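The values are calculated or read from the model by the stated rules, or taken from the named source; none is laboratory data. Predicted model, so just to flag it, every value in this text is computed and none were measured. Don't worry about glycine lacking a Cβ; one is built from the backbone with ideal geometry, like all the others, and counts go over all protein chains shown.
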Amino acid sequence: MSADWLDAEITGDTVALTVDERVYSVNALLRTAYWFTDRAYIFVSKPGERTLRVHLKAKAPTLDSPHSTPIRDLAGEFGNSLLDNQLREAVEEQTGKIRELLVMKAIAEAGILEDSPPGSPNDPVADVQHTNLTRISS
Amino acid sequence: MTTTIRLTRQIYTLEALQQTVAAFAGHCVASFSAEEESHVLQITTANQQVEDEFLNYVLGLSAEEKLR
């Protein structure tokens, strides 16, 4: 059976999805796969220059998660999650620096970093000479 | 049952594979060699689920390493 809209092949309790690297990054795929390892067994192969193939096999129900998701639904959820992670990456790329600046500004205004740094600001060699030398006066 | 599986370096890291082989030492016999773009894994186990868990484990560790 195939799910054309998803470019997926379903065989029994297994589904294979083709992922185009020109659309989705490896990091987005890894992040998505990582989050699905508690619900499915996952294997990723590389059949072509710019394609990755994700094989999902539904895990058997357990006492912790007694309801197993139909494999077709699992494939759909994986596709959605992959898109979500890809979008997060794009947003991070576009707004990451602005967010960093805002956080730095907020920290600076809150005065969190106003404590003096640890240690002495003096020349450490001069400090050592000053404390270890004994003055001999006649 | 012995299976040969090619794990693409783009996804799977050598360190993750080494750690997984060590972690599953009591459950299966596994060895690997290197190809230009893949690690070639040979895994022998009586239970298919062990192989599936092995692959999930190595994927998880690889993801953690690459996304660190």
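Overview of results
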item	result
Tabulated pairs, region B:44-68, first more than 8 Å from every other protein chain (Cβ to nearest Cβ), second assigned to a helix (DSSP H, G or I) and of a type in the set (S, T, N, Q), C-beta under 6 angstrom, 6+ apart or interchain	B:Tyr57/B:Thr20; B:Val58/B:Thr20; B:Leu61/B:Gln19
The lone exception for A:Gly12 - which of (1) loosely packed, with under 14 Cβ neighbours inside 10 Å; (2) within 13 Å of chain B (Cβ to nearest Cβ); (3) at negative phi it fails	(3)
Condition broken by B:Ala23, with the remaining ones in (1) over 19 Å from A:Ile42 (Cα atoms); (2) surrounded by 13 or more Cβ atoms within 10 Å (Cβ to Cβ) satisfied	(1)
Qualifying residue in region A:37-44 (condition: small (Gly, Ala, Ser), in a strand (DSSP E or B), in contact with a helix residue (DSSP H, G or I) (Cβ under 7 Å, 6 or more places away or on another chain) and within 11 Å of chain B (Cβ to nearest Cβ))	yes
Qualifying residue in region B:32-39 (condition: in a strand (DSSP E or B) and within 19 Å of A:Val54 (Cβ to Cβ))	yes
Region B:1-26 residues that are more than 14 Å from every other protein chain (Cβ to nearest Cβ), paired with ones that are surrounded by 14 or more Cβ atoms within 10 Å (Cβ to Cβ) and among the small types (Gly, Ala, Ser) (beta carbon under 6 Å, 6 or more apart)	B:Val21/B:Ala30
Criterion violated by A:Ala126 - all others in (1) modelled with pLDDT of 80 or more; (2) out of contact with any strand residue (DSSP E or B) (no Cβ under 7 Å at 6 or more places or on another chain); (3) surrounded by fewer than 11 Cβ atoms within 10 Å (Cβ to Cβ) satisfied	(1)
Count - residues of region A:57-77 that are in contact (Cβ under 8 Å) with a residue 40 or more places away in the chain and either within 14 Å of another protein chain (Cβ to nearest Cβ) or closer than 14 Å to A:Gly12 by Cα (or both)	6
Counted residues, region A:45-55 - those being in contact with an Asp or Glu (Cβ under 9 Å, 6 or more places away or on another chain) and within 9 Å of another protein chain (Cβ to nearest Cβ)	2
Subset of region A:15-34 [surrounded by fewer than 22 Cβ atoms within 10 Å (Cβ to Cβ), more than 9 Å from chain B (Cβ to nearest Cβ) and in a helix (DSSP H, G or I)]	A:Ala28
